[in-house]
Each structure stands twice: as C-alpha cells, then as structure tokens.
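Peer 1: I have a structure I would like to understand better, so I am pasting it below and will then ask my questions one at a time.
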Ligand code: SER
C-alpha cells in the first residue's frame, strides 16, 4: 500500500465512524504562548478539552503536520541517527470530545490495524497506565480489561508515568494513555528475545505506532491535576511509522515517503544510500529537515533570528552542515530537493505546490549565507588551532569554541570534528558552561511567570461584541497574575467583551474597565487560543461584581482604517504586480500598517504610485463594508475570498468585502472606505528572498506625513529665499564646481610660489639645511613640497606642522645623508606626536603624524628638530 493510500484508508475508516474529517492545523502556532509549533494532533483542540470553546463536532479525525523540535517534546537530536524519529511528521488522529471513551477508542484502533490493515496479532503489544500513588491516580484496569478481549495477557504491559501518562506541555490537558507497539524483527530474533521485553526500550524495530490518550485532567501551574469538565479521547498515530510497518520496511526512511528524496540526494552527491553510516545519517537528516523547513515556510514562518524563525533557521543549518561535512556539498543543495518533495506531498498539502517558488528561493538564500559563514568559520578555526598549538596545547579552549559558535554561527560539533582531524580536541566542559550562562541570561530576560487562573464562573467562551459595540456590561469569569520583565500585571477574561484581542496581524484594543466610578486601564488585549485576555495593571476592586468594558474609540478607528487599507493594498498589489502576490505577514496598529508579500523584484516607484492611486480611488469610492459573519467555508471559497496558508479556519468563516476586495478576516474594519480618508506608502523594502515589505499609513498619519514633506520644502525655500528651489539649487551646484576648480588652480600656484620662497630662504647651519616651521597647508601640498626639497638637498631637515581644515599634522622629511646616518623620521614623528595628542609613523626618511591638540604643534616642531639634530650629531 503506498503512503497516500494508507492516509486515505485511515481517514475513510473514521469518516465511516461518523468522524468529521478536518484539515491539518498550521504547523506554526500563532496564538498560544506555551507552544511555538504544533507538537501533537490535539493542539488545535486544546480549548475544547479545557472547556474554553463549545464542541461543534464531537467526533473528529485528521492528519496533522507536527514538529517536535523544542519544549517538552523535542526529538531533534535523535533525527537521522535513528530510523524512526522525525522533526516534522504527520500524526494521524481521531478524537472524541465528551463523546465515546476508552471502549470505542481501543476497539476501533484494533479494527483498523488488524481487520483493515491486516497486521499480524502476534507482533502487536499494548501498554496501559499502572497508576501513580503520588498523583493519586489508580491503575487503568479498564484499559487492561479491554485489551484482554483482543490480545493475550503476555502482550499487555503496564507502564509508568513517563510512558503512559501523556501531557501536552508543563501545563494543559493530560491523561493516562494506552500505546500500541509493533515488533518488526525477523522471526529468529523474536525467538531469542520476546518482544514484550523490548517495548519502550528504544529498540529501533520494536516501536510505538499509536498512542490512545484518555484526556481527563488539566495540569495546572502549581502541578495539581484538575479534572476536566468532560472525558475525551485523543489518539495519535505516527504516519511514517505506520507506512514502515505496512510496507514491510525496517526504517521509516525506506518507505515511499522518504525514498524519492533520498534517491535524489544520492544522485546529487554521487554517494549511494547504504554506502557508509555517516553519509546515511546525513541523507536521513537532510530528507527529514527538508520537510520541516519547507512546510514551515509554506505556513508563513520564514527563517529568522528570533523565536520560531530561529528554530527553523537552526534546523536548516543542521541539514546544511551534514551535507557539507559528510556529502561534500559546497553549493546550495537543499533547495534543489524541493521539487521532489512537492511531487511527493503536494497533492495532500497543496500549500507546498502553491508556495514552491518562495520555498525554493528562501532556502537558496539561507543556504548560501550559511555556506559563507562556514567558509569564514573554517579560516577562523585554522587561526584558533594555530594559536592553540603555539601555546603548546592540543585542546581548543571552550571560550574560543564559544566565540566561534556564538559570534560566527559555527556549530560546535563541526569545530570538534575539524579539531579531531588535526589531532586536537575541544574543552567541551568550558564550552557548555558558557552556553549555559548565555541560556540563563536569555531565560531570565524572557521569563514570564503566570499564576493559575482564579475561576469566578464557568463559561464556555467569551462572547465578542466588538464588531457592533465599543462598550458593554460584563462579568469577570477568571483572572490571574503574571510577572514578566520585572513587571506585574493581571490577565482578565470576561463573559462578553468589545475588546479585539491581538490576532490576524491586528494589535489588541486598549481602553478601560469601569466599576463603581473607578476606571481601570486596559493596556492590551491578547488572544490565547480562543481566550480573549485583557491586560490590566490593576484588578477591578470587586472581581465578582459587573464591570463596564469600554474600548478606546479613537485607537480602534485608527486600527480599522489601517486594517481596511491593508485589504485594499493587497488587492491593488495583485492588480499592479500580478496574482502571485500573496500575504506573508501583516501588522495593523493604530499608528501604521505593515504588509509583507511574495514578489521577486523591487517594486518600482512608478508601481508604488499606481498602487497608492488605486487604494485612494477605492477609498474615495466609499465602498460600504459587506460582511458575512457565519459564511460556510466552501461558499467563501466559491466567491473567491482570499485565504492564507498557515491560518486555521473553521467551518464557518467571516467574509469581508469592500468593492472588489474579498477576504476571510476576523479583524475590525471601517463602515465605509471613505472613513480612511487617505492612504500613503511610507517605505518599500526586502525582508527575505522573494518577500517584500510595504509600510504605509492612513488618515491623519498620512496627512502628517504630507505636512512633514511640505514643511521641509518650505524650510528649503525660505533658506534659499526663493520659491524656485530646483532652479536655485542647480545654479548653486554649478557655481560651486566652478569655484572648486578656481580654488584648485589658485592652490597650485600658491604652493609652487611658497615652495620656491622657502627653498630660497633656507641657509645651511652646521652642515644641515633646516626647514622647521608651521605652514597651515593641506597635507598633500606639504608632502609635495617635502619631496621637491629632498631631491635638491641631501642634508635637508624638514619639520613642518600644519593646522588645516580642523586637522593638526606634523610632517618630517630627511635628506639622504641624514637618513643614511641612522636618524629615523618614523621614530621621531611618533615621539613628537605625543605633544599634539596624536600618533603616526612612516619610513625612515619620511613620516607623518596626525593629532588632536593644535596648541602643542609649536612644541612638537621644536622637539622633533632637536631630536634630529642631536641624533645626527651623536651618530656623526
Ligand atoms: N497526544 C498524543 C500524542 O501526541 C496522542 O495524540 O502522542
């Protein structure tokens, strides 16, 4: 069975069991401060488990793109070294939200694996939770008894908290679980050691394939387990592992999910998979990481230096490093694998197809830049090794390795590898100490501590009334104290709110809550999954009493102006640049808007004008807001509403239309485009390969911008004392260049005359011809004079100081007889320069110093002359 068929069979099986099949949520998470990436199929349903969202479909199934590279579930270090862990993988899952529980979950898992897929029973093992006295949870006898209907007792194994109690993160939904394991080993090996002894022992061929979690608790910050309002089922099956089992392979990488990519890497590197352990690992790493990076970019997460972007950048660099070290790649190569991946997975995940150009160009640029870093690092590490060797050591210090790592992005394992080739090693203990210190510094700077929620009343979710009202009476349903960056504030949740929480690029509303005549400022409103969280420095005095929640109307209007303008901008960009323009990021604040989009060249000034013109025309057309709040997603697709990859849409979506622009959007908008008044682009720039950024503003900010330009023009007019700026400036520039020419000619003439008169004045003195004085001329003029005199006078002592255009300098030229006698102009200029607070140097016969103290110039001339004389005569 090929992998696409396996996926389809899974989804079809649960469709037949009345499960709604939903799309994978984006892999990059936007609204959950506790998670950066989707690490399990259940993440998108977290709020359903916790009771923060109403349950619409009680049975759901999907295939979910997961990434396990940070936090509680992090498999990065295993990837490539073994044959069954991945950074990005697909998790096949079925869920019951307060509907069926253990019995059906176990029965259906069995039916699918054994009756549908035909797996042999004697190779299957199931585990169940043995209980935990310290958590006060009993042994899961229920699961054990159910498994007894299907499996011999010897195949049912009790497991501890580590293996059989599943938790999403340090806090959040959790519960006992029952895992299904499969023994892939050959019969003779199975005869030697029973499979049950190898379950959960990290054996590559006795592996977990499916985890059935019985969600019953919420883990609180305090560590306490709080029972959930209802019991749920959350199952997750590793798709790639299932493919391995069903295709009779011994490694995930031998399945049709990975083989086309591995074959392509083999063609490109000229190395065969299976040839050597190190190149095999490299091929596995690259084929795995290619998927993680490509899917992240398709979900809108570009590599960068912060947060999720940084994790993606590190994964990409890990792949480059393996290719560089073990497969000999010196040019970008990961980007060349994208077409193979798209061919393999593009049908199931259309975002790969439509974003292919962007994925390729972003990866190419990242790779090129990291390959340059590696080349620089190579030079640096050579220097470090030389330094280490000349100090008589064979151990590169942890400090040096850390500088290479931290400042130059040079990976520590590569430093170790290169050191080893030269018979050296690295002080890893010291390196790890530096690394830990750095981590602690950033951890302390970023640490956010949130108390547990204090629940006041139990409601499913907050009613958002902010599309229609800016004020409402409300009740606090829960609140908690949070400390971050030395500041304490409260997060408050209401039963209904007019406050828009930061999402979809639009920043959260500000405003106030009022109670008994006291006003409590709301500084921000954030979204945590489906929760709308108000940020207040001070909690209303009586948390059980009603509050009046009121949004700051002026800021809200300004945000609405910018949000609607963003829609008009996107539509205008597509008209002017083409339909390839797709949103890649957006920020809407009351102050300005920022819009990132895919486009491969600079947007010309003329195109920007066209875009501005279109947007302003649409503003003047005064289109009314046409809004459908509960539009079925299929209908929205039919009418061609713009949707984004990397966003999570439900069955019902909100469609926003202004004239020809139709988008899915949850943001707040103007009632008529005319309210925006004016739209003005502030800047256009590149933020990554193939991604451009436009910043713009509207309404009063746009007017202010125009005023600023007008004011500048007026200031120039008044300075030039004429309204004809350009005419006047042209005249000034022409005059200026004429004057410069005249000055140059004049200077030349003057220098020649001066040199002549200086030469005539000079008299031999004790066999020397001394020219020691201050001449405030340009350094090049003095130099020319010095060389002219030296060619005439073998016994010249030329010591000239100058203050010219705010620069103080001292020039020394010695005739051949003097310099040959051993007097060194360079040493002397350095010594004398101290008197002008300067430094300098040069050659034995000619040296120059610059300084900062013009008052010391005279003394410096005297000192230098005296030193020359005394050294010459002593030498003579
Ligand atoms: N949440 C569980 C897991 O990730 C089952 O889906 O293993």
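Rule-based calculations on the coordinates, nothing more; no lab input. Small disclaimer: the values here were computed from a predicted structure and weren't measured. Here the Cβ positions follow ideal geometry from the backbone for every residue, glycine too, while neighbour counts run over all protein chains shown.
Peer 1: Roughly what angle does helix 857-875 make with the longest principal axis of the chain, taking Cα atoms, 0 to 90 degrees, to the nearest 10?
Peer 2: 70
Peer 1: Mean separation of Cα pairs under 8 Å and 6+ residues apart, divided by the residue count of segment 794-876: what relative contact order is that in percent?
Peer 2: Reported relative contact order: 31 percent.
Peer 1: Based on the Cβ-Cβ distance from residue 602 to residue 103, what FRET efficiency comes out when R0 is 51 Å, to the nearest 0.05?
Peer 2: So the FRET efficiency works out to roughly 0.25.
Peer 1: Please state the shape class of segment 66-208: rounded when a/c is under 1.5, otherwise prolate if a/b exceeds b/c and oblate if not, all from the C-alpha gyration tensor.
Peer 2: rounded
Peer 1: For a quick protection proxy, order the peptides 618-627, 634-643, 843-852 by their average other-Cβ count within 10 Å, most packed first.
Peer 2: 843-852, 618-627, 634-643
Peer 1: Continuing with this model, one more query. Does a label point 7 Å from the Cα of residue 591, set along Cα-to-beta-carbon, have any residues of segment 517-556 with amide nitrogen under 17 Å, and which are they?
Peer 2: 523-525, 554-556
Peer 1: What is segment 257-364 by shape, rounded, prolate or oblate, if you read a ≥ b ≥ c off the alpha carbon gyration tensor as root eigenvalues and call it rounded for a/c under 1.5, prolate for a/b larger than b/c, and oblate otherwise?
Peer 2: In terms of gyration-tensor shape, oblate.
Peer 1: Give me the distance between the Cα centres of segment 605-674 and segment 103-145, rounded to whole Å.
Peer 2: 49
Peer 1: If you line up the long axis of helix 277-298 against the longest principal axis of the chain, both from Cα atoms, how many degrees apart are they, to the nearest 10?
Peer 2: Tilt of helix 277-298: around 90 degrees.
Peer 1: With an 8 Å cut-off on Cα pairs and a minimum separation of 6 or more residues, tell me the relative contact order of the chain in percent.
Peer 2: 7
Peer 1: Report the FRET efficiency, 1/(1 + (r/R0)^6), for residue 753 and residue 724, where r is their Cβ-Cβ distance and R0 is 41 Å, rounded to 0.05.
Peer 2: 0.45
Peer 1: Taking every DSSP beta bridge with both residues inside segment 758-876, roughly what % is antiparallel (nearest 5)?
Peer 2: The answer is about 75 percent antiparallel.
Peer 1: Is the shape of segment 657-793 best called rounded, prolate or oblate, per the rule: a/c under 1.5 gives rounded, else a/b larger than b/c gives prolate, else oblate, with a ≥ b ≥ c the square roots of the Cα gyration tensor eigenvalues?
Peer 2: Cα axes put segment 657-793 in the prolate bin.
Peer 1: Modelling each spin label as a point 7 Å along the Cα-to-Cβ direction, I'd like the residue 422/residue 792 distance in nm, to one decimal.
Peer 2: The two pseudo-label positions are separated by 5.7 nm.
Peer 1: Still on this structure, please answer the following. Quick one: what does P(r) look like for segment 164-212 with 5 Å bins over all Cα pairs, in whole %?
Peer 2: The percentages, shortest bin first, are 5, 19, 24, 18, 13, 10, 6, 4, 2.
Peer 1: When you count, for each residue, the other Cβ atoms within 10 Å and take the mean per peptide, how do 503-509, 753-759, 856-862, 128-134 rank with the highest first?
Peer 2: 503-509, 856-862, 128-134, 753-759
Peer 1: Can I ask one more? Figure the gain on full extension for residue 736 and residue 116 (residue separation times 0.36 nm, minus the Cα-Cα span) and round it to one decimal in nm. Present the calculation step by step, with values, prior to reporting the outcome.
Peer 2: On the way: separation 620, 0.36 × 620 = 223.20 nm, distance 8.89 nm.
In short, 214.3 nm is gained.
Peer 1: Between residue 519 and residue 807, what FRET efficiency follows from the Cβ-Cβ distance if R0 is 45 Å, with the result rounded to 0.05? Walk me through the numbers before you get to the answer.
Peer 2: Values: r = 61 Å, r/R0 = 1.37.
Approximately 0.15, to the nearest 0.05.
Peer 1: Still on this structure, I have one more. Mind sorting 36, 813, 703 by how few other Cβ atoms lie within 10 Å of their own Cβ, fewest first?
Peer 2: 703, 36, 813
Peer 1: What is the order of 439, 249, fewest Cβ neighbours within 10 Å to most?
Peer 2: Listing 439, 249 from fewest to most nearby Cβ atoms yields 439, 249.
Peer 1: Tell me, in nm to one decimal, what length is gained between residue 171 and residue 442 on full extension, where the rule is 0.36 nm per residue of separation less the Cα-Cα distance?
Peer 2: Full extension from residue 171 to residue 442 adds 95.4 nm.
Peer 1: Let me ask something else about it. Would you mind telling me the antiparallel percentage of the DSSP bridges in the chain, rounded to 5?
Peer 2: Numbers: 127 of 146 bridges.
In the chain, approximately 85 percent of DSSP beta bridges are antiparallel ones.
Peer 1: Follow-up. To the nearest 10 degrees, how steeply does helix 307-326 sit against the main Cα axis of the chain, on a 0 to 90 scale?
Peer 2: Result, in degrees: 80.
Peer 1: Suppose we keep just the DSSP beta bridges with both residues in segment 412-518; what percent of those would be antiparallel, to 5?
Peer 2: Percent antiparallel among DSSP bridges in segment 412-518 is about 90.
Peer 1: Same structure, new question: Could you work out Rg/(2.2 N^0.38 Å) for segment 403-518, with Rg from alpha carbons only?
Peer 2: Working: Rg = 24.6 Å, N = 116, 2.2 N^0.38 = 13.4 Å.
Cα Rg divided by the expected 2.2 N^0.38 Å: 1.83.
Peer 1: Follow-up question, since we're still on this one. Translational D (Stokes-Einstein, µm²/s) of segment 1-93 at 4 °C and 1.567 mPa s when Rh comes from the Kirkwood sum over C-alpha pairs?
Peer 2: 89
Peer 1: Roughly speaking, what % of Cα-Cα pairs in segment 103-178 are separated by over 22 Å, rounded to a whole number?
Peer 2: That fraction is 28 percent.
Peer 1: Let me check the size of the chain from its C-alpha atoms; what are the radius of gyration and Dmax in Å?
Peer 2: Values for the chain (Cα only, Rg and Dmax): 37.0, 121 Å.
Peer 1: Using a 10 Å cut-off around each Cβ, can you sort 614, 694 from fewest to most neighbouring Cβ atoms?
Peer 2: Fewest to most other Cβ atoms nearby, the residues stand as 614, 694.
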